[in-house]
1. Exactly one condition in (1) more than 16 Å from the ligand (Cβ to nearest atom); (2) part of a loop (DSSP other than H, G, I, E, B); (3) in contact (Cβ under 8 Å) with a residue 24 or more places away in the chain is false for residue 192; which is it?
2. Please verify whether the stretch 212-221 includes one or more residues that are touching a residue at least 60 places away in the same chain (Cβ under 8 Å), away from the ligand (no atom under 16 Å from the Cβ) and within 26 Å of residue 100 (Cβ to Cβ).
3. Which of the residues spanning the stretch 123-149 are in contact with a strand residue (DSSP E or B) (Cβ under 6 Å, 6 or more places away or on another chain) and over 23 Å from residue 298 (Cβ atoms)?
4. What number of residues in the stretch 266-282 are surrounded by 22 or more Cβ atoms within 10 Å (Cβ to Cβ) and part of a loop (DSSP other than H, G, I, E, B)?
5. So, residue 181, is that one closer than 22 Å to residue 201 by Cβ and surrounded by fewer than 21 Cβ atoms within 10 Å (Cβ to Cβ) or not?
6. Quick one: is residue 203 at pLDDT 95 or above, part of a loop (DSSP other than H, G, I, E, B) and either out of contact with any strand residue (DSSP E or B) (no Cβ under 6 Å at 6 or more places or on another chain) or under 20 Å from residue 170 (Cβ atoms) (or both)?
7. Looking only at the stretch 248-262, count how many residues are more than 12 Å from the ligand (Cβ to nearest atom) and either within 16 Å of residue 206 (Cβ to Cβ) or part of a helix (DSSP H, G or I) (or both).
8. Only one of these is more than 17 Å from residue 167 (Cβ to Cβ) and either surrounded by 15 or more Cβ atoms within 10 Å (Cβ to Cβ) or free of Cβ contacts under 8 Å to residues at least 24 places away in the same chain (or both): 231, 247, 287. Name it.
Ligand SMILES: [Ca+2]
């Protein structure tokens, strides 16, 4: 034992004797007193962070009273800051931005995704035989429970049951397809349950102020291209979305008033959003059993 340690030992023993305490050990000076607190008394790291917003709420107005305006370096908690913080938290938790980001060999089913700038969404992910993971944005069936004949706002935020028939929501489809280049697959089952499909190598929905207009790339498939071809004065590609309370079609009439929300022109060659009415020209004239629309990123610019 070194000289200073002996001196310290003597001091402590004297003090302990005075207090009538037995076996008091010398604390090595390198150890800071707070590190010797019992574990249950230690303040966890980050504990004081909870007081920061409260402090800021008090301090910012106080700055204004004392100095006329808050200092530039002082940031008030605002709705925008809060949203940014939420966004960062979700990124930390690694909630996938779409179904494509699910781990390999994930089965088809219901998952939570969070596209960029979107709230978390409960969606149905369809995994095909090639392990492509598709985010399903629409499903309809001949025996559907839902009416489909909904307003602009209801189509904006979506409706239905992700396990059965549903519309994901124009706003969420727009946010999904804004974060990458996506392709789309339209799947149909005709009245004999024969399957048909139409792929477009680019798919996106424009923003709301542009009417959630449909943007499609090149076609491939078996159902026939009735979305980008101009036929009987109608083409769906680049048309704005119309609902019963918003006529944005190019016809003299109001197509959505009769047939529910869709990208109408004059009026349609394809309409998959009807109640017991699923239409794809030359496949089924309203009498298809099922439809499904699903998307996945291609990474092609
Ligand atoms: Ca019209």
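1. Against the list (1) more than 16 Å from the ligand (Cβ to nearest atom); (2) part of a loop (DSSP other than H, G, I, E, B); (3) in contact (Cβ under 8 Å) with a residue 24 or more places away in the chain, residue 192 comes up short only on (3).
2. no
3. Hits for the stretch 123-149 are 140, 141, 146, 148.
4. 1
5. Here the answer is yes, as residue 181 does meet what is asked.
6. No; evaluated as a whole, the condition is false for this residue.
7. Of the residues in that region, 3 qualify.
8. The match here is 247.
The values are calculated or read from the model by the stated rules, or taken from the named source; none is laboratory data. Bear in mind that the values here come from a model prediction, so they are computed numbers and not experimental data. Please note: Cβ atoms are built from the backbone with ideal geometry, for glycine as well, and neighbour counts cover all protein chains shown.
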